[in-house]
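Some notes on the structure that comes next.
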Amino acid sequence: MIPMDKVLTWKAHLTEPHMREMLLGSAAGLTIKVLAALSLFAMNVVVTRTVGASEAGLFFLGFTLVTIVATVGRVGLDQAVVKFVATEYACGAFGKVHSVYRKAVSWAVFATAILALTLWLNAAWVTDSIFSIEGFEPVLNVMVIAAPFIAVYIIHAQALQGLKRISKSMLVSSVCLPAGILAAILVFPVTTAYDLSKYFVIASMITVVIGRFFWKQSVSNASLAPPSVSHDAAFISSSLLRKTCMPLWTVAIVHQVIQWSSQLMLGVWEDAQSIAFFATAQRTAMLTSFILFAVNSIAAPKFAVMYNSGDHDGLKRLALLSVKMMMLVAVPTTLFILIFPEWLMSMFGDEFVAASTALMILALGQFVNIATGSVGYLLSMTGNEVKVRDNMLISGALTIILGVALIPAFGVIGAAIAYACGVSSQNLLCVYQVNKQLGFNTLLFWKA
């Protein structure tokens, strides 16, 4: 039986507007995120079973490089867009909401296009000198075209998140692309990674169109109409936006190092099949973190609004409530992965069972990521972007050092250890900074 004091605590949460919106909004977001996780998992399974491990490895490696280009090209705008759209929308500064959106899209397109063109022009050197994997150059040449489109649809997703259009945000950021690739594989003939790369580009373009449609739909009411009179009060300062973006840009780059460096180092020292083993295990382990993304999509703009309004007690309660919600889903999901790793990996093909141990290591790293709560967003939304950057730099260095030391000797297992340690250290350092800067420890969530 659930203790009465716990029942009363949850009832108290439902009486507070912010807490109630957090609970109900996260439930809706969780539904979409489950759909996103299933779409991504299904896409990975169908890709590996359709083209085989080696071709899948080429596709996943290209996917990783293009994701990095699109992330770097967003120049740290991701969380900045959420922060500014959420706070300006809450204040009724609708002209500034539009200003943030326009500047973010234009900056992202410009920067990502330059990076994508640079990679495209140097694709032969990258594939010959760094990875030396046969057949990768034509795949990369096509997939890199998608980078600007990925950058733009993520900006739309973040802007929608700032407006609290959570379901639309998640559909754009997490569902449309894998669902589009999956649909293409099921409808059209696909036999190679090169075939997949073409549908990857088309799916990214369609996702931009959907994101733009959702944005126009969300701002079509009178209160969010673009300002008809140009004046300074209706526009966000470019210098202010840059000042916020710069630390977050470093965070975004280092996050990509932590997220993908192990896979890239496998591309340097191992073959395409090893990349496929690690990529599928990593993406399967990340199924445990869908609750983190669902809660963060609601919590991040609320953190910014509550901090700016001086509601620090509410901020603490909301942060600790979010950890409780995450743990309710993360514990059983992680246990399932740890108990049935061979069965899960066999879904990609019999040869993928070899990555079962790596899956277990990666799942434990993701569990630490969830158990610490929304600490990165807490710091970013409360003016502590520099602290996030410093923590990320330490964790990124640790990930690379462990990768260089372990991957040549242990292959996929070494890559899994490097990634799990990087993710865990990054969040544990943020827990320390949240406790130091904001005065509470998210690991002690049961005390709330």
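Computed from the coordinates by the stated procedures, all read-outs in this text should not be read as laboratory data. Model, not experiment: these values are computed from the prediction. Here the Cβ is made from the backbone with ideal geometry for all residues, glycine too, and neighbour counts use every protein chain on show.
Per DSSP H run of n ≥ 4, the term is -39500 (n - 2.57); total these for the chain, divide by its residue number, and report the mean residue ellipticity at 222 nm rounded to 500 deg cm²/dmol.
-27000 deg cm²/dmol
Under a Cβ-only charge scheme (Lys and Arg +1, Asp and Glu -1), can you give me the dipole magnitude of the chain about the Cα centre, in debye to the nearest 20?
On the way: 27 positive and 20 negative charges, 341 e Å.
The calculation lands at about 1640 debye.
Using packing as a proxy for protection, rank 251-260, 149-158 so that the peptide with the highest average count of other Cβ atoms within 10 Å comes first.
Descending mean neighbour count gives 149-158, 251-260.
Spelling out what I want: for every residue of segment 101-117, take phi, set θ = phi - 60°, compute 6.51 cos²θ - 1.76 cosθ + 1.60 (Karplus), and round to whole Hz; glycine and proline get x.
4, 4, 5, 4, 5, 5, 4, 5, 4, 4, 5, 5, 4, 5, 5, 5, 5
Which of T64, V85, I166 sits closest to the plus end of the dipole of segment 4-447, meaning its Cα is farthest towards the positive end, when Lys and Arg get +1 and Asp and Glu get -1 on the C-beta?
V85
Sorting M286, M347, M143 on the 10 Å Cβ count, fewest up front, what's the list? Provide the component values of the computation, followed by the final result.
Details: M286 21, M347 16, M143 31.
By the 10 Å Cβ count, ascending: M347, M286, M143.
Let a ≥ b ≥ c be the square roots of the eigenvalues of the Cα gyration tensor of segment 370-448; is it rounded (a/c under 1.5), or, if not, prolate (a/b larger than b/c) or oblate? Don't skip to the end; give the middle numbers.
Details: a/c = 3.71, a/b = 1.99, b/c = 1.86.
Because a/c hits 1.5 or more and a/b exceeds b/c, segment 370-448 counts as prolate.
Calculate one ³J(HN,Hα) per residue across segment 335-347 by plugging θ = phi - 60° into the Karplus curve 6.51 cos²θ - 1.76 cosθ + 1.60, and present them in order as whole Hz with x for glycine and proline.
Once rounded to whole Hz, the list reads 4, 4, 5, 5, 7, 10, x, 5, 4, 4, 6, 5, 5.
When every alpha-carbon pair in the chain is counted, what percent end up more than 31 Å apart?
Numbers: 38671 of 100128 pairs.
Cα-Cα pairs of the chain separated by over 31 Å account for 39 percent.
I'd like the Karplus ³J(HN,Hα) series for segment 247-262: coefficients 6.51, -1.76, 1.60, θ = phi - 60°, whole numbers in Hz, and an x wherever there's a Gly or Pro.
Using θ = phi - 60°, the values come out as x, 6, 5, 4, 4, 4, 5, 5, 4, 5, 4, 5, 5, 10, 4, 4 Hz.
In segment 241-364, if the dipole is taken from +1 on Lys/Arg beta carbons and -1 on Asp/Glu beta carbons about the Cα centre, which of F278, M326, L344 is farthest to the positive end?
Highest projection toward the positive end goes to M326.
If the limit is 31 Å between Cα atoms, which of K164/K387; K198/K302; K168/K324; K103/K436; K198/K324; K96/K198 go over it?
As for pairs spanning more than 31 Å Cα to Cα, those are K198/K302; K103/K436; K198/K324; K96/K198.
Gap in Å between the Cα centre of segment 373-417 and the Cα centre of segment 234-292?
Taking the Cα centre of segment 373-417 as reference, the centre of segment 234-292 is 10 Å away.
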